[in-house]
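All of the numbers you see were taken from the coordinates with simple rules; none came from a lab. As the structure is a prediction and not an experimental result, all values here were calculated from the model. We place every Cβ from the backbone using ideal geometry, glycine too, and count neighbours over all the protein chains shown.
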Amino acid sequence: MFIPSMSDAAIGKAIGRRLQQLRLNRNMSFAELSAETGVSRQTLHSLLHEGKGSLITVIAVMRALKDLESLTALLDELPLSPILLLKMKGAERRRATGTRKQQPLRASKSPTKDVDW
């Protein structure tokens with residue numbers, strides 16, 4: 001199965017079929033799965049047969065079917081690309097400016113007067 005060429009609906013249906021097969025392999029009825037997940041039978045039917053449902057529902061069903069390990073690839077830290085690592089490192093200095101002499105403080109342009117208020 002070449003997933004990039006599939007539509008979103010086709011991927012949803014494939015996930016639903018997999019969950020349906022897991023349910024049958026675990027010999028779990030719709031009523032049992034509904035009770036364990038807290039999801040209505042109608043919502044389960046929509047997920048398992050039509051591939052329609054929320055991510056939270058998919059996670060609840062996978063937890064009930066004891067197949068959360070399948071989500072490992074989604075939860076693993078993604079490695080940073082070499083280009084991003086270079087950007088994060090910052091540009092290396094190629095020239096030195098040398099030491100700079102401190103400029104003396106400039107005298108104020110307007111003379112300071114003691115003002116007696």
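The table that follows gives values for the structure above.
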| item | result |
| --- | --- |
| Order by protection proxy (mean Cβ within 10 Å, highest first), peptides 66-73, 12-19 | 12-19, 66-73 |
| Segment residue 71-residue 3, extension gain: residue separation times 0.36 nm, minus the distance between their alpha carbons | 22.8 nm |
